[in-house]
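Here the structure is laid out as structure tokens; the discussion comes afterwards.
The values are calculated or read from the model by the stated rules, or taken from the named source; none is laboratory data. As the structure is a prediction and not an experimental result, all values here were calculated from the model. So basically every Cβ, Gly included, is an ideal-geometry build from the backbone, and we count neighbours across all protein chains shown. Just so you know, the surface numbers come from the protein's heavy atoms only, side chains and all, with ligands and any DNA or RNA stripped out. Shrake-Rupley method; radii C 1.70, N 1.55, O 1.52, S 1.80 Å.
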There are 2 protein chains.
Amino acid sequence: MNNRFPVSLHILTLLDDAKGEVVSSDYLAGSININPVLVRKEIANLRKYGFVDSKEGKGGGSFLAKNATEINLGEVYKAVKSDYILGQNKNEPNPKCPIGRQINEHLLGLYTDAENALIDNLSKQTLADFALKFK
Amino acid sequence: MNNRFPVSLHILTLLDDAKGEVVSSDYLAGSININPVLVRKEIANLRKYGFVDSKEGKGGGSFLAKNATEINLGEVYKAVKSDYILGQNKNEPNPKCPIGRQINEHLLGLYTDAENALIDNLSKQTLADFALKFK
DNA sequence: TTGTCTGTAATAAAAATAATTACAGAATGA
DNA sequence: TCATTCTGTAATTATTTTTATTACAGACAA
């Protein structure tokens, strides 16, 4: 399991906290305690999804590109998701086995369904709701 | 992401298909296309949770220890789960940062909630339901 | 009592993840 | 203009996680 979801959410929470002020990747990396390059990569992804925007050059950094009430955590999850969450789906079962031959399609159905339930749950909360928990 | 959930479900499906007949770890490994030692490790875990039982020695192997209608997929998930599914929760954010200092507790709440939604969804289906999809 | 299984530990290999290094280019402002 | 401080990104290395392999003791059936 990689750490992309919590890292992205941490970034977004910090940007929300900055209230529109530009925040450098070094500052973000310092709070999260990871490498700044990884932060910039994650920001590149968040930017791709329209959650944040960045300013290059001296005094540059990132900031929220939409209101925190318009970013829900299900969308954030979808932005960082790669594999299916319940299995890597890179298994190659034996095609000669009647079960092995069919299992991938049935796993796929299961994964999709379960993951939708997860996303629905996350979608109930916006970044604003999440940020509100911090005192 | 590891493959424990699909491997366990694959094992259980094969055992269900065997209708009480004992199945060797070599046969299971052949269908899943992984190493037999890994299968035996996974079976040791499934046994710990009372889903299967095994017979040692010549002609030995594993079999379901309860009816497939009494094994739901949420329980299977819980049996193989280790980390939280949305993050490894091994991050050590900066305690000097007001956000970093508090984020782990808030992530934990989020994870627990979202994971419960996932488990609830999986629990709607038993092993028998799942096995029925195979023709 | 031999052959075929499981159980399990120890090690090695492979794959995934994260950190680091390096550097081009943008923007600021002295 | 030019030094400085940022971002963006590629390439490499290090670390961690996952899987495979090897090895062998013990169970049990024939």
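Is it fair to say A:E115 is out of contact with any strand residue (DSSP E or B) (no Cβ under 9 Å at 6 or more places or on another chain) and charged (D, E, K, R)?
No, not satisfied.
Which one of these is open to solvent by 30 Å² or more (accessible area, probe 1.4 Å) and either among the aliphatic types (A, V, I, L, M) or in contact with a Phe, Trp or Tyr (Cβ under 6 Å, 6 or more places away or on another chain) (or both): A:Y84, A:Y111?
None of the others qualify; the one that does is A:Y84.
Any residue that is within 9 Å of chain A (Cβ to nearest Cβ) and more than 12 Å from DNA strand D (Cβ to nearest atom) - is there at least one of those in region B:69-77?
Keep residues of region B:69-77 that are within 9 Å of chain A (Cβ to nearest Cβ), which gives B:73, B:77.
Filter once more, keeping what is more than 12 Å from DNA strand D (Cβ to nearest atom): B:73, B:77.
There is at least one residue in region B:69-77 that is within 9 Å of chain A (Cβ to nearest Cβ) and more than 12 Å from DNA strand D (Cβ to nearest atom).
Grab the helices (runs of 4 or more DSSP H) fully contained in region B:1-72, keeping just those with 1 or more residues being open to solvent by less than 10 Å² (accessible area, probe 1.4 Å), at pLDDT 95 or above and hydroxyl-bearing (S, T, Y).
On the way: elements: B:4-17, B:25-32, B:36-48.
Because the criterion is at least 1 residues that are open to solvent by less than 10 Å² (accessible area, probe 1.4 Å), at pLDDT 95 or above and hydroxyl-bearing (S, T, Y), the helices (runs of 4 or more DSSP H) in region B:1-72 that meet it are B:4-17, B:25-32.
With respect to B:I119, determine if the residue is within 16 Å of DNA strand D (Cβ to nearest atom) and either surrounded by 15 or more Cβ atoms within 10 Å (Cβ to Cβ) or facing chain A (nearest Cβ under 7 Å) (or both). Please lay out each step first, then the result.
Working: within 16 Å of DNA strand D (Cβ to nearest atom): no; either surrounded by 15 or more Cβ atoms within 10 Å (Cβ to Cβ) or facing chain A (nearest Cβ under 7 Å) (or both): yes.
For B:I119, the condition - within 16 Å of DNA strand D (Cβ to nearest atom) and either surrounded by 15 or more Cβ atoms within 10 Å (Cβ to Cβ) or facing chain A (nearest Cβ under 7 Å) (or both) - is not met.
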